[in-house]
Amino acid sequence: FFCWVSGVWKHSKSEGHDDFGLLVSEPARKYAIVKELDAPVNLKEGTVVLQFETRLQNGLECGGAYIKYLQPQESGWKPKGFDNESPYSIMFGPDKCGATNKVHFIFRHKNPNTGKYVEHHLKFPPSVPSDKLSHVYTAILKDDNEVRILIDGEEKKKGNFLSSEDFEPSLIPSKTIPDPDDKKPEDWDERAKIPDPEAVKPEDWDEDAPLEIIDEEAEKPEGWLDDEPEEIDDPEATKPEDWDDEEDGLWEAPKIENPKCESAPGCGEWKRPTKRNPAYKGKWSAPYIDNPAYKGIWKPQEIPNPEYFELEKPDFEPIAAIGIEIWTMQDGILFDNVLIAKDDKIAESYRETTWKPKFNIEKEKQKAEEEAAAESDGIAGYQKKAFDLLYKIADIPFLSGQKDKIIEIIEKGEKQPNLTIGIIASVVIVFLTILFRLIFGGKKP
């Protein structure tokens, strides 16, 4: 193993298990670690299965948890210099940040004509599970060019390496491309319609006519209250006792809607409404006609694509090492049980014997925590209802003499919810004591 860092890897237990994994221990760091294989894995023949487990113990808001399956070192990388530029054959695994939420599957393929490597991304990949449980990611590369992506053993995506509908860009380039040297002629007219050059503005076309005019035929509704204002001073408002005219200015009562206007069609000065001007035509412009010089939308001519090639199956580079090279804002990401196999039954067996028991334990624990949280929320809801009821009791008229003390008791209870039962009992005792006193009388105050 070789580790390059700003973040520190740890060999750590998964939460709630005795099983160890490779742990991202600090947030907001870059991490890199690589393991060379004893012998390169050939991807060109037969089935190859790539599988590993991750657990996002603190969730994943922004960062990657994927694995890079690296090409042999002859391609231009060294273990001590392993970084994001180190050439890989396949990159696979979860990545989430902002609008990105996907389980990547990317393969690099060498164009036989140009010698350049191109990254081909699986279109519409599955999204990353949003919980904090262990999940197992599986990519099955079949000999018939099919690739299947599984999460926790369930197929989430299937594609074909040669299909342009499944990978972007397509592995097989298009046969032709637009000629980069072809230029649009200067006299090429792309306008399908043009203003009629022979059209003339009609003599009666008034461009200055307003959009709306006053409706001279409108009549004031019967019952309109001309002398009543729409708003009046609030008759119930009183000047505050601490109002100082010299410091605060002349006090004015706040305005309210005039109640007399509610039953009338309107109040105040009546004005004729406006209506659309039948003479309005707006700015004149010539009508459009078919362009006699129209030649269509110009496109450069197609020429043979120098990058075009044909093949029956991808010419994959072998996998010589496994590397994790990520940047993440979260700690607590745990990698475990990285597997490369030639049989998907082997991968299935590992899921059943290594991943599933852990997952079931974590799921049961999560369920218990959710039930406890729901119970806590239920208690909190009960407490809120109880305090709401106590406030209503404090407003009962015959308790007005004790209202301040009751409110003080309730407020103390809200700050210490564990005292809810005692607070309820205290208020009920006060309530019953005063009620009995009212009914049966008493000498003591």
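The values are calculated or read from the model by the stated rules, or taken from the named source; none is laboratory data. Note that this is a predicted model, so its numbers are computed, not measured. Cβ placement follows ideal geometry from the backbone for every residue including glycine, while neighbour counts extend to all protein chains displayed. To get the accessible areas, we keep the full protein, side chains included, count just its heavy atoms, and leave off ligands, DNA and RNA. Shrake-Rupley method; radii C 1.70, N 1.55, O 1.52, S 1.80 Å.
Overview of values
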| read-out | value |
| --- | --- |
| Label zone at Lys275 (point 7 Å along Cα-to-Cβ), backbone N below 11 Å, the stretch 188-224 | 213-219 |
| Reach of Lys412 by Cα under 18 Å, taken over aspartates and glutamates that are not fewer than 8 positions away in the same chain | Asp388, Asp395, Asp404 |
| Long pairs among Lys30/Lys132; Lys184/Lys299; Lys201/Lys281; Lys44/Lys156; Lys156/Lys358; Lys220/Lys271, criterion Cα-Cα beyond 18 Å | Lys30/Lys132; Lys44/Lys156; Lys156/Lys358 |
| Most to least packed among 179-186, 331-338, 251-258, 6-13 [average Cβ atoms within 10 Å] | 331-338, 6-13, 251-258, 179-186 |
| Cα Rg, Dmax (largest Cα-Cα span) when computed across the stretch 189-242, Å | 28.4, 81 |
| Å² per residue, accessible surface of the chain at 1.4 Å | 63 Å² |
| Radius of gyration and Dmax over the Cα atoms of the chain, both given in Å | 39.3, 112 |
| Net lengthening on full extension, Lys363/Glu375 (0.36 nm per residue, minus Cα-Cα) | 2.5 nm |
| Debye log10 I(q)/I(0) at q = 0.15, 0.22 Å⁻¹ for the stretch 1-139, Cα point scatterers | -0.88, -1.68 |
| Crossing angle, helix 356-394 versus the chain [Cα axis fit, 0-90 degrees, rounded to tens] | 10 degrees |
| Distance in nm between pseudo-label sites at Ile396 and Ile232 (7 Å out along the Cβ direction from Cα) | 4.1 nm |
| Shape category assigned to the stretch 132-216 from the gyration tensor of Cα positions, a/c cut at 1.5 | oblate |
| Carbon + sulfur, % of accessible area of the stretch 241-305 - ligands and nucleic acids excluded, 1.4 Å | 50 percent |
